[in-house]
Amino acid sequence: MALAQAAALERMKVAAQVMVAMSGSAYAGIDDTEAGQDDDGLRAGVGLFRSSLAAVAPDIGERLDRALEALAETAEQGAPPAGPAQDVVDLARQAERALLTPDRPDAPQVEAALMASLLLDEGGVAESYAEAVQGDPAAYLAGWFALARVNALWRGLAGHATPQQSAEAEAMLAMLGDLFPGESPPPQMAAYPEQAEAPAQQLVGLLETIVDADLYPDRDLVGAVARVRDIAAEGCADLAAGDAGAGREMLMIATALYDRTVAETLAVLAPDLRVAIAQGLQAVRAGGSTAAVRVCPDLLDALAAGREAFES
């Protein structure tokens with residue numbers, strides 16, 4: 001859960017930072033909409049952490065909601081979004097500190113997994129560079145901000161690495177840094193859109209060794225679908241106990257993990273089952289608590305069947 005929440009906050013910060021930068025003089029004349037910037041991406045992951053944040057820092061959660069609403073209103077009015085977007089960045093940082101305490105025993109593993117997400121997931125460094133090569137300035141900015149965060153996280157993890165591992169990691173980060181030399185795109189970019197993929201993958205592989213953790217959640221599909229079921233079961237239990245906020249948050253996290261890890265493979269292996277799981281996850285998230293509780297047994301059975309499909 002910590003990784004899903006941290007990744008959602010990182011995506012929120014990157015999207016808001018891009019909006020701030022796109023308001024600057026270096027990007028004058030580029031339409032935000034043309035560049036793919038709107039507030040939807042900022043709000044999409046809020047459900048992954050809203051209940052947890054309300055439990056530990058309700059004031060930050062309320063202020064973040066207000067900042068997101070102000071940003072949405074600014075976008076609707078066509079006004080420069082820099083002020084509200086910077087508020088979102090600042091509050092997302094506060095939320096991250098409230099939710100992810102550095103003294104967690106698994107903090108190095110969570111930080112390494114977050115680096116992997118920023119490097120390889122949708123909207124991360126590798127994908128952003130590929131889109132930037134095709135002429136998307138907002139994608140370049142997203143990659144640049146994501147890489148800056150990767151570098152910051154690495155500074156916290158470097159103490160866990162051997163000198164040789166540190167040297168290798170620094171070399172890969174330098175290769176990525178050459179692709180993102182500054183906040184503005186360089187006059188000439190690599191002709192190969194996948195140029196960032198190899199160093200990003202190599203760095204994630206090295207991080208696995210440094211923190212002794214599996215940073216590719218789709219590597220073990222049986223384990224991944226079992227994890228999805230466990231999280232969904234916890235969400236269903238929360239709903240049954242009357243805690244709708246916590247229940248929906250857990251089911252959002254289950255959905256995010258499912259989409260990231262097993263959905264694509266299950267669509268090929270057992271397409272009917274994939275549809276049943278997707279519909280079940282949607283039903284328990286969207287319906288009222290009573291209706292969601294009724295759907296939960298079928299959803300959990302479908303996820304169990306998904307595990308069996310991968311085991312066979």
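Matching residues to (1) at pLDDT 95 or above; (2) among the hydroxyl-bearing types (Ser, Thr, Tyr); (3) on the phi > 0 side of the Ramachandran plot; (4) surrounded by 15 or more Cβ atoms within 10 Å (Cβ to Cβ):
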| residue | (1), (2), (3), (4) |
| --- | --- |
| 162 | yes, yes, no, no |
| 185 | no, no, no, yes |
| 197 | yes, no, no, yes |
| 200 | yes, no, no, yes |
| 203 | yes, no, no, yes |
| 211 | yes, no, no, yes |
| 225 | yes, no, no, yes |
| 243 | no, no, no, yes |
| 250 | yes, no, no, yes |
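Taking the criterion of being in contact (Cβ under 8 Å) with a residue 40 or more places away in the chain, surrounded by 15 or more Cβ atoms within 10 Å (Cβ to Cβ), within 19 Å of residue 7 (Cβ to Cβ) and in contact with a Leu (Cβ under 9 Å, 6 or more places away or on another chain), would at least one residue in the stretch 172-181 satisfy it?
Here is the first cut: in the stretch 172-181, the ones in contact (Cβ under 8 Å) with a residue 40 or more places away in the chain are 176, 179-180.
With surrounded by 15 or more Cβ atoms within 10 Å (Cβ to Cβ) added as a condition, the list becomes 176, 179-180.
Okay, now just the ones that are also within 19 Å of residue 7 (Cβ to Cβ), so 176.
If we keep only those that are in contact with a Leu (Cβ under 9 Å, 6 or more places away or on another chain) too, we end up with 176.
Checked the stretch 172-181: at least one residue is in contact (Cβ under 8 Å) with a residue 40 or more places away in the chain, surrounded by 15 or more Cβ atoms within 10 Å (Cβ to Cβ), within 19 Å of residue 7 (Cβ to Cβ) and in contact with a Leu (Cβ under 9 Å, 6 or more places away or on another chain).
Kindly list the number of the only condition in (1) surrounded by 17 or more Cβ atoms within 10 Å (Cβ to Cβ); (2) over 19 Å from the mean Cα position of the chain (by Cα); (3) assigned by TED's automatic domain parsing to the domain that holds residue 307 that fails for residue 237.
The single condition residue 237 does not satisfy is (1).
Are any residues in the stretch 268-277 within 15 Å of residue 302 (Cα to Cα) and surrounded by fewer than 14 Cβ atoms within 10 Å (Cβ to Cβ), and if so, which ones?
271, 272, 275
Failed condition for residue 267, given (1) assigned to a helix (DSSP H, G or I); (2) without any contact (Cβ under 8 Å) to a residue 24 or more places away in the chain; (3) under 18 Å from residue 117 (Cα atoms); (4) in contact with a helix residue (DSSP H, G or I) (Cβ under 9 Å, 6 or more places away or on another chain), with all others met?
(3)
Residues are listed down the side, and each one gets a yes or a no for (1) modelled with pLDDT of 95 or more; (2) of a type in the set (A, V, I, L, M, F, W, C):
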{"site": "217", "(1), (2)": "no, no"}
{"site": "229", "(1), (2)": "yes, no"}
{"site": "240", "(1), (2)": "no, yes"}
{"site": "256", "(1), (2)": "no, yes"}
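The values are calculated or read from the model by the stated rules, or taken from the named source; none is laboratory data. What you see is a predicted model, and the numbers here were worked out from it, not measured in a lab. A quick note on method: Cβ atoms are made from the backbone with ideal geometry, for glycine too, and the neighbour counts reach across all protein chains shown.
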